[in-house]
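Below: the structure, in structure tokens.
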Amino acid sequence: MESAFERTPLFPGYFQVHKRKCGNPGCHCSRGHLHPGTRILIPFADGQSVVCPRPEEIEGWKLRTEAYKRHRESRRRFRRWQSEVVKILDDLERSRRSTEGLTEEDAKRPLVEGERKKRRGK
Ligand SMILES: [Zn+2]
């Protein structure tokens, strides 16, 4: 959880090291020894985009995208923990349930489980 409260900048992108050709026909990359390149995949709401940072920008992108990864991992862990606690609360609720005062017929009817639907209006 701690990483969710870091104060460093983050960015929702995916750091990727890939191999590429530079386009120079005389270069060794045209004979299969490709250049390692770094790019950032950015999932914009209206479609993915790619940023190819200059060498001096790479470290900044790396820090921000890794901070983002840690933040998302914290969020996932919190969600898992949250649903485990809700499950425990639901089990407790079921174990405390008493059908005292119901007719025999109603006592056999299934009760609403889990989240209640919100009533409109009222
Ligand atoms: Zn090349």
Between the range 46-93 and the range 12-41, the Cα center-to-center distance that results, in Å
27
Relative contact order, percent, the chain [alpha-carbon distance under 8 Å, six or more residues apart]
26
Those aspartates and glutamates that a straight Cα-Cα span of less than 15 Å connects to residue 19, excepting residues fewer than 8 apart in one chain
none
Assuming 0.36 nm per residue, please report the length gained on full extension of the stretch residue 33 to residue 105 beyond their Cα-Cα distance.
18.2 nm
Kindly state, to the nearest 0.05, the FRET efficiency for residue 84 paired with residue 62, given R0 = 41 Å and r defined as their beta-carbon distance.
0.80
Highest GNM mean-square fluctuation among 69, 87, 108, for the chain with Cα springs under 10 Å, belongs to 108
Taking only C-alpha pairs under 8 Å that are 6+ residues apart, what is the relative contact order of the range 2-72 in percent?
40
Any idea which of 23, 71, 37 is furthest toward the positive side of the dipole for the chain, if Lys and Arg beta-carbons carry +1 and Asp and Glu beta-carbons -1?
23
Could you work out the helix-only [θ] at 222 nm for the chain, with each DSSP H run of four or more residues adding -39,500 (n - 2.57) and the total divided by the number of residues, to the nearest 500 deg cm²/dmol?
-13000 deg cm²/dmol
Surface/4 estimate of mean projected area, convex hull on alpha-carbon atoms of the range 1-117, nm²:
14.1
Distance in nm between label sites at residue 4 and residue 21, each 7 Å beyond Cα in the beta-carbon direction?
4.8
Proximal aspartates and glutamates relative to residue 87, as straight alpha-carbon distance under 14 Å, when same-chain residues fewer than 8 apart are discounted
113, 115
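Just so you know, all these numbers are worked out from the coordinates, no wet-lab data involved. All of these numbers come straight from a predicted model, not from anything done at the bench. Reconstructed Cβ throughout: ideal geometry from the backbone, glycine too, with neighbour counts over all protein chains shown.
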